[in-house]
Amino acid sequence: MLRSETIIHDRYRIVRLIGEGGAGAVYEAIDLHLSKTVALKQTRIPHSRILRSFEQEARILSRIQHPALAQVTDYFSEADSQFLVMTFIPGADLGELLEQRDEPFSVETVLDWAEQLLDVLEYLHSQRSPII
């Protein structure tokens with residue numbers, strides 16, 4: 001895990017950990033060149049075949065432009081980690097929203113979310129090289 005205030009790739013200053021899983025973590029960071037907040041996704045799988053796959057995935061993701069998806073703006077490898085730099089989208093995640101509530105979300109709200117998710121899936125599947 002990267003510590004707050006760590007500078008990575010001589011460009012991104014870590015602000016805080018947003019979340020982490022088995023293979024990596026996502027951080028809020030400041031792009032020191034552009035003076036803007038970004039999301040920095042770290043994947044810790046040091047293997048040359050994985051690295052080639054990561055670079056290909058980064059190029060594909062950088063071409064995706066949908067209002068419901070974070071835009072990938074850069075990628076790099078450092079030490080034993082690969083990083084995607086993405087648009088930072090502020091706000092609470094679903095887990096936090098659930099913790100703040102005393103009751104379930106309305107059916108209308110859930111159906112609206114489902115419609116948005118289906119729109120994203122349709123967009124991804126309709127790409128020249130479909131993203132499954």
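The values are calculated or read from the model by the stated rules, or taken from the named source; none is laboratory data. Just so you know, these numbers come straight off a predicted model, no measurement behind them. Heavy atoms of the whole protein, side chains included, go into the accessibility calculation; ligands, DNA and RNA do not. Shrake-Rupley method; radii C 1.70, N 1.55, O 1.52, S 1.80 Å.
The angle separating the long axis of helix 48-62 from the principal Cα axis of greatest extent in the chain is about 50 degrees. Excluding ligands, DNA and RNA, what is the solvent-accessible area per residue of the chain at a probe of 1.4 Å, expressed in Å²? In whole numbers, the chain has 70 Å² accessible per residue. Per residue, the convex hull spanned by the alpha carbons of the stretch 1-51 comes to 80 Å³.
Result for the chain in a Gaussian network model with C-alpha springs under 10 Å: among E28, E108, E57, the largest mean-square fluctuation is at E108.
So how tilted is helix 107-125 from the main axis of the chain? Cα-based, degrees 0 to 90, rounded to 10. Tilt of helix 107-125: around 50 degrees.
Backbone amide hydrogens, once placed in the peptide plane, bring Q71 within less than 5 Å of T87, excluding anything fewer than 5 places away on its chain.
Relative to its residue count, the stretch 65-132 spans a Cα convex hull of 143 Å³ per residue.
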